[in-house]
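Heads up, the thing below is written out as structure tokens.
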Amino acid sequence: MKIGILALQGAFAEHAKVLDQLGIESVEIRNLEDFQQHQSNLAGLILPGGESTTMGKLLRDQNMLIPIREAILSCLPVFGTCAGLILLANEIASQEESHLGTMDIVVERNAYGRQLGSFYTEAECKGVGQIPMTFIRGPIISSVGESVEILATVDNQIVAAQEKNMLVTSFHPELTDDVRLHQYFINMCDKKIVE
Ligand code: GLN
């Protein structure tokens, strides 16, 4: 199994390390050519944390937005962490434009832990267990559509969710030693949810 990691900007190397620990091969997707070259062999795609506005601009400049959106709509399993979550949201509060816009969620950028900015906690994640969560100016999911399953909340705010082939977290599982959420995603990739 090979997993692509969008490597335009942000915390992509950390995801590769986790996949390596799980014995999963990964490939950095840096441009359209990389995506086209590997697309047919990818079991899944990770969209890392970083700066969603910058990543959205790079995706557009490199003509990657539409091919990646189409692949996700054709059921490519995708895991968006933090800025990656924002890229997937079909609505971003106080912004006119979304990016990939494939997931039926509304997000608020930089909203989770406004006072704290960055913090660490532990909470239950459905199907995974009690996991460590590192937040770095993370978004909150302020509302979800009917087909979205809420996987975790912290202080009554949604911090992890899944809709069909799309998994998102407001926090950074790749920055802790706990690999269970990545394992959960690998299981999604194994199953190839076709819905
Ligand atoms: N604040 C960033 C954004 O809005 C996300 C932060 C992160 O990915 N750690 O894009």
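The 1.4 Å probe gives accessible areas that order 177, 190, 104, 34, largest first, as 177, 190, 104, 34.
If you rank 164, 17 by how much accessible surface each has, with a 1.4 Å probe, what is the order from largest down? If you can, show how the numbers build up before the last one.
Values: 164 85, 17 135 Å².
Most to least solvent-accessible, the answer reads 17, 164.
In a shell of Cβ-Cβ distance under 12 Å around residue 161, excluding residue 161 itself, what net charge do Lys and Arg (+1) and Asp and Glu (-1) give? Here the charged neighbours net out to -1.
For residue 21 and residue 94 in the same chain, what is the full-extension length gain: residue separation times 0.36 nm, less their Cα-Cα distance, in nm?
Working: separation 73, 0.36 × 73 = 26.28 nm, distance 3.87 nm.
Full extension from residue 21 to residue 94 adds 22.4 nm.
Mean-square fluctuations from a GNM of the chain, with a 10 angstrom spring cutoff on Cα atoms, peak among 150, 46, 105 at 150. Centre-to-centre separation between the Cα atoms of region 90-159 and those of region 11-42: 24 Å. Label-to-label distance, residue 70 versus residue 32, with points set 7 angstrom from Cα along the beta-carbon direction: 1.1 nm.
When the Cα atoms of the chain are aligned to their principal axes, the ranges along those axes come out at 42, 38, 30 Å in descending order. One decimal place: the segment residue 123-residue 1 gains 41.0 nm when fully extended, by the rule 0.36 nm per residue minus the C-alpha distance. The shape of region 1-70 comes out oblate: with a ≥ b ≥ c from the C-alpha gyration tensor, a/c is at least 1.5 while a/b does not beat b/c. For region 145-195, compute Rh as the Kirkwood radius over C-alpha pairs and then the Stokes-Einstein diffusion coefficient at 10 °C and 1.306 mPa s; write the answer in µm²/s, rounded to an integer. Rounded to a whole number, D works out at 133 µm²/s.
Straight Cα distances below 25 angstrom link residue 17 to the lysines 2, 126, 191, 192, with same-chain residues fewer than 8 positions distant left out.
Between 140, 86, 68, the Gaussian network model of the chain with springs among Cα atoms under 10 angstrom shows the greatest mean-square fluctuation at 68.
The values are calculated or read from the model by the stated rules, or taken from the named source; none is laboratory data. Please read all numbers here as calculations on a predicted model, not as lab measurements. All Cβ positions, glycine included, derive from the backbone under ideal geometry; neighbour counts span all protein chains shown. Just so you know, the surface numbers come from the protein's heavy atoms only, side chains and all, with ligands and any DNA or RNA stripped out. Shrake-Rupley method; radii C 1.70, N 1.55, O 1.52, S 1.80 Å.
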